[in-house]
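The values are calculated or read from the model by the stated rules, or taken from the named source; none is laboratory data. Predicted model only: the values in this text are computed from it and were never measured. Neighbour counts run over all protein chains shown; Cβ positions are idealised from the backbone, glycine included.
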Amino acid sequence: MERSIRFTGFGGQGVILMGIVAARAAALYDKPVGKDGKTQRKSAIQTQSYGPSARGGHSKCDVKISTTEMHYPFVEIPDYLVVMSQQAYEKYIDEIKPETKIIIDPDLVSGKPQGHAYYIPATKTADELGTRVVSNVVMLGAFREISDIVTYSALEKAMLESVPKATHDLNKSALALGKKLGLEAIQGKGKD
């Protein structure tokens, strides 16, 4: 199994953190059991890039997760595209294949792509929690449910290691709400 993910948005949204948390969850904490009954090892590679300005410019974080040896570190065409800004949508929407699953925050992206699109109101949900800062964590929880690449417990553990301790309760709530939104999207309530 090898999966590639592209997290996109604008600088300041925590897009890079999303990729770091997903990669850490896979490589350090997710230990699936194979068909032979043995624990499998997952590997992860994470790369990132920023636009001309750190805040407000485009931001991209690519992650590859595999249970086999990876020979090439870069994501060319992702299996999953997570989009959290209109600018990122316009920049990356043409770099997909027909089966790429696209996860969009409809509060910040007006595009309606063809194919497997899921609409997750991460920004609106984070606002309801009291701060937009956790919109990336909401989206990460939804991504986990839609992709099923890593376990929820592995993702939560990696996320809690990556955010300040004072924000743990807020981030746990954001991740749980994202999980709920992801489940609803799979059931067709947020899917196109």
*So is residue 154 in contact with an Asp or Glu (Cβ under 9 Å, 6 or more places away or on another chain), touching a residue at least 40 places away in the same chain (Cβ under 8 Å) and over 20 Å from residue 12 (Cα atoms) or not?*
yes
*asked:* Six or more apart or on different chains, Cβ atoms under 7 Å: show the pairs whose first residue is in segment 70-83 and farther than 22 Å from residue 139 by Cα and in contact (Cβ under 8 Å) with a residue 24 or more places away in the chain and whose second is surrounded by 10 or more Cβ atoms within 10 Å (Cβ to Cβ) and acidic (Asp, Glu).
replied: 70/2; 74/62
*Among the residues of segment 99-109, write down those that are over 18 Å from residue 135 (Cβ atoms) and among the β-branched types (Val, Ile, Thr).*
100
*Within segment 106-127, can you find the residues that are more than 15 Å from residue 145 (Cβ to Cβ) and assigned to a loop (DSSP other than H, G, I, E, B)?*
106, 107, 108, 109, 110, 111, 112, 113, 114, 115
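Looking at the structure I just gave you, is residue 135 touching a residue at least 12 places away in the same chain (Cβ under 8 Å), more than 23 Å from residue 187 (Cα to Cα) and not aliphatic (A, V, I, L, M)? Explain how you work it out, then say what you get.
Numbers: touching a residue at least 12 places away in the same chain (Cβ under 8 Å): yes; more than 23 Å from residue 187 (Cα to Cα): no; not aliphatic (A, V, I, L, M): yes.
So residue 135 fails the test.
How about segment 152-192: which of its residues are over 15 Å from residue 103 (Cα atoms) and basic (Lys, Arg)?
The answer is 157, 165, 172.
So is residue 94 touching a helix residue (DSSP H, G or I) at 6+ places or on another chain (Cβ under 7 Å), without any contact (Cβ under 8 Å) to a residue 40 or more places away in the chain and not hydroxyl-bearing (Ser, Thr, Tyr) or not?
On the way: touching a helix residue (DSSP H, G or I) at 6+ places or on another chain (Cβ under 7 Å): no; without any contact (Cβ under 8 Å) to a residue 40 or more places away in the chain: yes; not hydroxyl-bearing (Ser, Thr, Tyr): yes.
The answer is no for residue 94.
If you go through segment 58-87, how many residues are closer than 23 Å to residue 120 by Cβ and either among the hydrophobic types (A, V, I, L, M, F, W, C) or more than 17 Å from the chain's Cα centre (by Cα) (or both)?
Matching residues across segment 58-87 total 10.
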_Top-ranked residue in segment 96-129 [being under 19 Å from residue 179 (Cβ atoms) and over 18 Å from the mean Cα position of the chain (by Cα); ranked as surrounded by the most Cβ atoms within 10 Å (Cβ to Cβ)]_ = 129
*Would you mind telling me which numbered condition in (1) touching a Cys at 6+ places or on another chain (Cβ under 9 Å); (2) farther than 27 Å from residue 132 by Cβ residue 5 fails?*
(2)
*asked:* When the residues of segment 2-17 are narrowed to those that are under 21 Å from residue 95 (Cα atoms), modelled with pLDDT under 95 and of a type in the set (A, V, I, L, M, F, W, C), which ends up farthest from the chain's Cα centre (by Cα)?
replied: 10
